[in-house]
Amino acid sequence: MTTVQKIKEIEDEIAKTQKNKATSYHLGQLRSKLAKLQRELISPSTSGGSGPGQGFDVARTGIASVGFIGFPSVGKSTLMSGLTGTTSEAAAYEFTTLTTVPGTLDIHGAKLQILDLPGIIEGAKDGKGRGRQVIAVARTCNLIFMVLDVCKPLADKAKLEKELEGVGIRLNKTPPNIVVRKKDKGGVTVTNTVPLNNIDNDVVRAVCNEYKISNADVAFRCDATVEDLIDVIEGNRIYIPCIYVLNKIDAISIEELDLLYKIPMSVPISSKMWLNIDELTEKMWEELRLVRVYTKPHKAPPDYSQPVVLRQGRSSVLDFANAIHKDIAKQFKIAMVYGASAKHPRGQRVGLDHVLMDEDVVTLFKR
Ligand SMILES: Nc1nc2c(ncn2[C@@H]2O[C@H](COP(=O)(O)OP(=O)(O)OP(=O)(O)O)[C@@H](O)[C@H]2O)c(=O)[nH]1
Ligand SMILES: [K+]
Ligand SMILES: [Mg+2]
C-alpha cells in the first residue's frame, strides 16, 4: 500500500468513528498515525513518496511575497497581471499557467513579490499535477491569496484548505500555546490554565504513546484540539496568513454578493472588471504587517520618500541598521526614535534592541 492509500484508509476510519469518551484514545492514535504518514509525504528522506517537490526556480525579491493558490481558471493570472503590470498569460482553458510567474507590486513604499502559480487540483499534495511544486512555493510565502471563483461551489475552499493542511501549512492560525516538556520519569501529566473542551487525558495519552513519549509534562494554555497537540509535537508546521479572494463577482447578483461578505478573511473582487481591488490591496498590506521606518538625518527633516521596510518580529533598531548597511551596527552609539514606539512625543533615546513600529522615524548616532 502506498502512503497516500494508507492516509486515505485512516481518514476513512476517523470519519466513521464516533467521537465520545470510549473512542477518544483510539481517535488520538488515529490522528497521530495520520500526521506521521503525512510527514512521510513532505519529508524527502523517506522512500514512501516521491519527495516534497523542489518548488519552482524563482529568484526571490522584495521584502515579502504573496503566492496565489487556486483551482485552474479561477482568475489568478488575470489578477496578478493587473496588480503588477507583468503579463502572466490568462485564457479560458485550464492550466494556462505552467510555472511560477513573478511580478512586483509597489505599495506604501514597499516592494512586494507577487507569485502567480499554476492551478492545483484535488490530490495536489499527494503528487497530482504540479501540486507539490506549487505547494512548496506556497510554504515560502509571507501571505497566501486563495483565489476562488464565486460561480463555482464554495466547497472548493475546504478542498484547497485540506490540500495545504495536509502538508503542514496552517492558515490564519497562531501556533497553539501548548508546551510539551519531556522528563526522565513520572509518566505523562497534563495541566491546563483554560478549560479543555476538545481534548481529554485519554487523547493526550494516546498521542504521547504514538510518539513514544513516555514521560512528559503537557501544559495547555489554550483550548486545544488533538490536531493542535500533534502540531506542537511534530513541530514543523508553517503558519501563514491567508486572504480568500472571491473572484468574478461581476458574474453574480447583489444578493449573492451579500452572502459572500460573511466569509471571514475574504475580499470579493472582479479581476476582469477591476472591482474592489483597493479593498484587496489594503487587506493585503494589513495582513503582511510590515513596518516602515523613515530615516532622519541629524538636524534635518525626515526623509519620507523611501522607507526602510522591515517585518514584524524583525523590526529592532539593529534590524533597521542592518537593512541600511551591514557595518552600521558596529559604529552604533545611540538612536533617537520618534513615533508609535517612542515613549514620549518628543522622541526617545534607545539602543539596538528597541523594537520599532510602523511609520517610526529614526536618527542613528555613531560612536
Ligand atoms: N467573469 C469573469 N471572468 C474572469 C475574471 N477573472 C478572470 N476571468 C476569466 O477566467 C478565465 C481564466 O482566467 P486566468 O487568469 O487564466 O485564470 P488562472 O486561475 O490563472 O488559470 P490557470 O493558470 O489555468 O490555473 C479567463 O477566461 C478570464 O478572462 C473575472 O473577474 N470575471
Ligand atoms: K486559465
Ligand atoms: Mg494562470
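Side notes on the structure shown:
- Check on residue 120, under 30 Å from residue 7 (Cα atoms) and among the β-branched types (Val, Ile, Thr): yes
- Among residues of region 15-41 that are assigned by TED's automatic domain parsing to the domain that holds residue 207, those with a beta-carbon under 7 Å from a residue that is of a type in the set (Phe, Trp, Tyr) at least six positions away or on a different chain give the pairs 32/211.
- The set of residues from region 311-353 being free of Cβ contacts under 8 Å to residues at least 24 places away in the same chain, touching a Leu at 6+ places or on another chain (Cβ under 8 Å) and among the polar types (S, T, N, Q) comprises 312, 341.
- Flag for residue 147 being touching a residue at least 60 places away in the same chain (Cβ under 8 Å), crowded, with 22+ Cβ neighbours inside 10 Å and not in a helix (DSSP H, G or I): yes
- Residues of region 240-273 classified as surrounded by fewer than 13 Cβ atoms within 10 Å (Cβ to Cβ) and of a type outside the set (A, V, I, L, M, F, W, C), total: 6
- Tally of residues being away from ligand 2 (no atom under 16 Å from the Cβ) and within 16 Å of the chain's Cα centre (by Cα) across region 109-139: 9
- Residue that is farthest from residue 77 (Cα to Cα) [pool: residues in region 97-109 that are away from ligand 3 (no atom under 15 Å from the Cβ) and touching a helix residue (DSSP H, G or I) at 6+ places or on another chain (Cβ under 8 Å)]: 108
- Some residue of region 82-89 being surrounded by fewer than 18 Cβ atoms within 10 Å (Cβ to Cβ), without any contact (Cβ under 8 Å) to a residue 12 or more places away in the chain, more than 16 Å from residue 141 (Cα to Cα) and within 16 Å of ligand 2 (Cβ to nearest atom): yes
- Within the set 296, 272, the sole residue that is away from ligand 2 (no atom under 16 Å from the Cβ) and either touching a residue at least 60 places away in the same chain (Cβ under 8 Å) or on the phi < 0 side of the Ramachandran plot (or both) turns out to be 296.
- If only residues of region 1-49 that are of a type in the set (Ser, Thr, Tyr) and modelled with pLDDT of 90 or more are counted, the one that is nearest to residue 235 (Cα to Cα) is 32.
- When region 104-120 is filtered for residues that are surrounded by 18 or more Cβ atoms within 10 Å (Cβ to Cβ) and either within 16 Å of ligand 1 (Cβ to nearest atom) or among the aliphatic types (A, V, I, L, M) (or both), the ones remaining, listed by number, are 105, 110, 112, 114, 115, 116, 117, 118, 119, 120.
- Selection status of residue 96, surrounded by fewer than 24 Cβ atoms within 10 Å (Cβ to Cβ) and away from ligand 2 (no atom under 15 Å from the Cβ): no
- Among the residues making up region 67-78, those that are within 15 Å of residue 102 (Cβ to Cβ) and either surrounded by fewer than 24 Cβ atoms within 10 Å (Cβ to Cβ) or within 7 Å of ligand 1 (Cβ to nearest atom) (or both) are 76, 77.
- Residues of region 204-221 include none that is acidic (Asp, Glu), at pLDDT 95 or above and within 26 Å of the chain's Cα centre (by Cα).
The values are calculated or read from the model by the stated rules, or taken from the named source; none is laboratory data. Only a predicted model underlies this, so the values are computations on that prediction, with no experimental measurement involved. Don't worry about glycine lacking a Cβ; one is built from the backbone with ideal geometry, like all the others, and counts go over all protein chains shown.
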